[in-house]
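The structure appears below as structure tokens.
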């Protein structure tokens, strides 16, 4: 049976790692406590968080102990990594509310039972810190010159880097030290843009505790066409079903580019690699079957098997004339919102199929909008209330954007 490190390597999770052979040996011989941090700067996780959650799940399934660290403390500052300007400062109340939403979503991927997995919050030890004491114990181990060489800081120097953000690396390193002291944590993982922060934490443990700690980063994924993973014309693809419905989530993965199918099956599902390679080797129209498997498996993990099945049935109803459309995103309007009639332009914006009325006009002018299978010919087209009774109508944008509208 291959080691879990080899599993991560084969499936494409490993970008950079400290002391590779020593980490491989450690993972083979001992139960290792590891962690990844998730700063609750939004009210939901998104597709970009799925890859680290999958890596954690592989390690946990191999018998290692996971720590999902909610960064309610570090979110008070904001990570400058990958940012061209300072993050908006959030209130404690907003951060706490976001963290509560993260808990349920992380729990779909990891067992957080206190033994196999822990869910912790770094505000527990960061918010009570004494600043002078922190500088004397932790700050003394950091070289400003070395910090400025880190990619996360270097790219911000021209635009300006605030002092509050400059502290972020110290706080993330301190998280690793606290987790090492309290829980024996020896491995921190994260996206490749976190490499400098992870190295800082491992080095801090070595300096303060005289112990060896490890770091591992994942590749920052883009699609074959260069699009950032989890980004669409409508914005981010969220794990919260109220922000991105299971159907929309399913369709995001169903629309994967052919060249990405094998890679995404390896990273985002638990299918055996033999099956991943078989599905990834399909070509032409047959590759669509692999995309259906990918979409179903990823949606099942994020939203449960029942929601994935409904999303799949809705997609088949709309695209193949099979199954039912129960899982199609639906907007329910009040009678007073419709009045004597409601414009198609308003419906396109209301349903999110178009971000603005001007974009809705462009779509109609180009023949890209249909209602109930009939192309909308005019930007002045309206729907009377009787058309929206019962099951309502299906509004379509292009070939793949569907939304049901009805009166409730």
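The values are calculated or read from the model by the stated rules, or taken from the named source; none is laboratory data. Because the structure is a prediction, the values reported are computed rather than measured. Every residue, glycine among them, receives a Cβ derived from its backbone with ideal geometry; neighbour counts consider all protein chains shown.
From the list 22, 42, pick out the single residue that is more than 19 Å from the chain's Cα centre (by Cα) and surrounded by fewer than 19 Cβ atoms within 10 Å (Cβ to Cβ). Lay out the reasoning, then the answer.
On the way: 42 fails: more than 19 Å from the chain's Cα centre (by Cα).
The conditions single out 22.
Taking the conditions exactly as written (more than 15 Å from residue 381 (Cβ to Cβ) and assigned to a loop (DSSP other than H, G, I, E, B)), does residue 367 satisfy them or not? Break it down stepwise before answering.
Numbers: more than 15 Å from residue 381 (Cβ to Cβ): no; assigned to a loop (DSSP other than H, G, I, E, B): yes.
So residue 367 does not fit the description; no.
If only one of 65, 108 is in contact with a helix residue (DSSP H, G or I) (Cβ under 9 Å, 6 or more places away or on another chain), more than 22 Å from residue 188 (Cβ to Cβ), at pLDDT 95 or above and surrounded by 15 or more Cβ atoms within 10 Å (Cβ to Cβ), which one is it? Explain how you work it out, then say what you get.
Details: 65 fails: more than 22 Å from residue 188 (Cβ to Cβ).
One residue alone meets the criteria, 108.
Which one of these is at pLDDT below 95 and in contact with a helix residue (DSSP H, G or I) (Cβ under 6 Å, 6 or more places away or on another chain): 204, 220, 239, 279?
Values: 204 fails: at pLDDT below 95; 239 fails: at pLDDT below 95; 279 fails: at pLDDT below 95.
Within the list 204, 220, 239, 279, the selection yields 220.
Looking at the structure I just gave you, is residue 37 assigned to a helix (DSSP H, G or I) and over 15 Å from residue 8 (Cα atoms)? It would help to see each step written out before you state the result.
Working: assigned to a helix (DSSP H, G or I): no; over 15 Å from residue 8 (Cα atoms): yes.
No; evaluated as a whole, the condition is false for this residue.
Across the stretch 210-264, what is the number of residues that are buried (at least 17 other Cβ atoms within 10 Å of the Cβ), part of a strand (DSSP E or B) and without any contact (Cβ under 8 Å) to a residue 40 or more places away in the chain?
Counting residues in the stretch 210-264 that are buried (at least 17 other Cβ atoms within 10 Å of the Cβ), part of a strand (DSSP E or B) and without any contact (Cβ under 8 Å) to a residue 40 or more places away in the chain gives 0.
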